[in-house]
Structure formats: structure tokens, C-alpha cells
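The values are calculated or read from the model by the stated rules, or taken from the named source; none is laboratory data. Only a predicted model underlies this, so the values are computations on that prediction, with no experimental measurement involved. We place every Cβ from the backbone using ideal geometry, glycine too, and count neighbours over all the protein chains shown.
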Amino acid sequence: MATEQQSNIAILGAGTIGRGFAVAFAAAGHSMRLYDPDAAQVDAAREQALASLASLAHHGLLDGAPEVIAARITPATTLAHAVADAALVQECGPERAEVKAAILGEADAHAPPHAVLASASSALPASAYAADLAGRARCLVAHPGNPPFLLRVIELVPAPFTDTETVARAAAIFTAAGLHPVHVAREIEGFVFNRLQGAMLREAYALVRDGIASVEDIDRIVRDGLGLRWSAVGPFETVDLNTQGGIAEHARRLGPAYARMGAERGQHDPWTEQLVADVVRQRRALLPLEDWSARGAWRDAAIMRTLAARKAASD
């Protein structure tokens, strides 16, 4: 059996996500077979993958020649051929349960017994399409950011029937490919990535609908404000570092205002004392208050580097 560092990968589906996975895995040294029922789609994906690898090299983000790395992506003539010796089968088909069930069912029949069967579903949990598979214990969702070779986080979402060893093996393979697995504790539609993204999109649409701000201005606030900050730290660390006394003080000061804003949209998810205490406990375990000022300075320096990169790109 291949080691995680030398794993053969099967990618089923040569669309945007499949191509992105191919670039990420190839850049990390993995060999892979790329399959799509439309052979022309595979050819186009390989050409686009080479272009993406060349761009990574141009920006100093690739170790090796793009042509050599792109050669690790080989076309497969059939799905069975693609998965024949795979340690990881990454399904990247359409977001339809019946299609995913058919793809994974065929992969389950032909992949080696040790192979992880992962789906790049954006919102559908694995239990919606893998529950009837003989090998369902080796199935889970592996939902990436798009494109996976730039957004290096990947959500691993096991179904109730997924074996814990499957999750561990998937995490090891993705980590070896330079991705950062996030273990989602239980199935929930949209997982974490798209629930967070969806919450912002719902509010953005509402603000446009209500005439509060334009599409351009909302994008500007995120790009040059929230997003710039979030490129260095996440939402919990953001409010932790923005408030003297940390996240506990932030919740005390602004929790009621956020509750009123949510109520305007028919949402009632109060920050209870117990919930705030749990968040505070997790944040203080990550960052003791005595390190608060130093971490704030680190964040500012990280944002400055991003601003400098933007300025250099615009000059």
C-alpha cells in the first residue's frame, strides 16, 4: 500500500474543483489519474492545470518546473482505471445526490479496499448519497475552498457510518498535500465554509434589497476591510484582538447589538453566558491575555504585508 506521502490519487470529475485538486496534489508530488466521462474536459483541465502551475511558479509558490509537475496528472480512460490503485478517490461530480451516488458506487466497486472515498460536495452530506454503498464506512465529504491549490483549507465531514480510521487516513493524505483539514464534528447542510459564507451573502443581498448599500460598496467593505483583516485572523480572533480585555469584553459590549441585528432578520441565536464562556475558554487556551498585545502587533504586520503586496501588484 502506498504511503500518504507517495499516495496515488484518483480525481473523478474534471471541472473547476477537480482541476484545482489536480494542481494541489501534483504540486505536492502526488501522482494521479483524472477521469471525466467527457474526455475533452480532461484534456482541457490538464491544459488549464499547466497554466495554473505556471502562475504559481511565476509568483514563487511552486517547487519545480510546471511541465514536470503537470506530467503527474494523467488521464484515465475509465473510472475503474482511475481508481485501480488509488489511496484516495476524490469525487468532484455535480452537486446532485443521485449523480454522486452513482459515481461513488462505481468507485466503491473498483477501488482498493484501503482507498478513502471522498466527495467534494459543497452542501450535501455523505449520508444523502453514500448510505447504501457496501463500502460506506470509507466514505466522507472532503469539501475544499475553491480553488484548492490557493485556499488550503479542507473540511472533512464524516457521516454517522464513516469509520474513524477513514477520517484519520484522509486527514493524513490531505495534510501531506499541503492542505489543512478541519474536522467537522457532525453532518450539517453546507458544513462550516458555506454556512459562514452564506450568512454574509444573505445579509449582503438584504442590504442591497433594502437600499442600504450598493453591490460595489459591499464588496469594497469586505475586500478592503473585513476580508483584509480576515486574511490574517478569523472572526473570533478579530474581535478578541479588537477589544481591550479580549473576546469576553467584546461579547459584553456588543452582544446585545448583534442580537438586535439578528432579530431584524428573524434570527434568534443569543450569545448565552454559557456559549460566551465556552468561546472565551477556547480563545484563552489559544492566546493567553498576557500575549494579547504582541498578537495584535503581529496581526497589524501581517495586514501591512498584504497591503504592500497589493501596492506592488498595482504599481
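Selection of first residues in the range 84-104 that are over 19 Å from Ala134 (Cβ atoms) and surrounded by 14 or more Cβ atoms within 10 Å (Cβ to Cβ) and of second residues that are at pLDDT 95 or above and of a type in the set (Phe, Trp, Tyr), restricted to Cβ pairs under 6 Å at least 6 apart or on distinct chains, gives the following pairs, ordered by first then second residue: Gln90/Phe21.
Evaluated against (1) surrounded by fewer than 18 Cβ atoms within 10 Å (Cβ to Cβ); (2) farther than 20 Å from Gly15 by Cβ, Thr78 falls short on exactly one condition, (2).
Taking the range 205-315 and the helices (runs of 4 or more DSSP H) fully enclosed by it, the elements with 2 or more residues that are under 25 Å from the mean Cα position of the chain (by Cα), touching a residue at least 24 places away in the same chain (Cβ under 8 Å) and within 30 Å of His59 (Cβ to Cβ) are at 227-230, 235-242, 292-314. Could you grab me the full set of residues in the range 238-290 that are touching a Lys or Arg at 6+ places or on another chain (Cβ under 8 Å) and within 28 Å of Ala204 (Cβ to Cβ)? Correct list: Thr238, Asp240, Leu241, Thr243, Ile247, Arg265. Which residues, taken from the range 47-81, are within 24 Å of the chain's Cα centre (by Cα) and farther than 30 Å from Ala309 by Cα? Of everything in the range 47-81, those that are within 24 Å of the chain's Cα centre (by Cα) and farther than 30 Å from Ala309 by Cα turn out to be Arg72, Ile73. Applying the condition of being of a type in the set (Ser, Thr, Tyr) and within 24 Å of Arg284 (Cα to Cα) to the range 209-247 and asking which residue is modelled with the highest pLDDT yields Thr238. Looking at Ala285, Ala248 in this structure, which one is closer than 17 Å to Glu237 by Cβ, surrounded by 11 or more Cβ atoms within 10 Å (Cβ to Cβ) and in the same structural domain as Arg229 (by TED's automatic domain parsing)? Residue meeting the stated conditions: Ala248. A single member of Ala185, Ala206, Ala199, Ala170 is surrounded by 15 or more Cβ atoms within 10 Å (Cβ to Cβ) and at pLDDT 95 or above, and it is Ala170. Applying a threshold of 8 Å to beta carbon distances and a minimum spacing of six or more residues, or different chains, the list of pairs starting in the range 39-52 at a residue that is without any contact (Cβ under 8 Å) to a residue 24 or more places away in the chain and ending at one that is not polar (S, T, N, Q) reads Leu50/Pro66; Leu50/Glu67; Leu50/Ala70.
Among strands (runs of 3 or more DSSP E) entirely within the range 23-123, having at least 1 residues that are modelled with pLDDT under 95 and not acidic (Asp, Glu) singles out 31-35.
On inspection, Ala177 does not qualify as more than 22 Å from Thr16 (Cβ to Cβ), surrounded by 14 or more Cβ atoms within 10 Å (Cβ to Cβ), among the small types (Gly, Ala, Ser) and out of contact with any Asp or Glu (no Cβ under 6 Å at 6 or more places or on another chain).
Checking each residue in the range 254-281 for being among the hydrophobic types (A, V, I, L, M, F, W, C) and surrounded by 14 or more Cβ atoms within 10 Å (Cβ to Cβ) picks out Leu254, Ala259, Trp271, Val276, Val279, Val280.
So, of the residues in the range 139-185 that are without any contact (Cβ under 8 Å) to a residue 24 or more places away in the chain and under 24 Å from Gly105 (Cα atoms), which turns out to be nearest to the chain's Cα centre (by Cα)? Filtering the range 139-185 for residues that are without any contact (Cβ under 8 Å) to a residue 24 or more places away in the chain and under 24 Å from Gly105 (Cα atoms), the one nearest to the chain's Cα centre (by Cα) comes out as Ala171.
Could you say whether any residue in the range 178-188 is touching a helix residue (DSSP H, G or I) at 6+ places or on another chain (Cβ under 9 Å), over 15 Å from Ala142 (Cβ atoms) and not in a helix (DSSP H, G or I)?
yes
Scanning the range 8-29 for residues that are crowded, with 24+ Cβ neighbours inside 10 Å, over 12 Å from Gln48 (Cβ atoms) and more than 15 Å from the chain's Cα centre (by Cα) yields Ile9, Ala10, Ile11, Leu12, Gly13, Ala26, Ala27.
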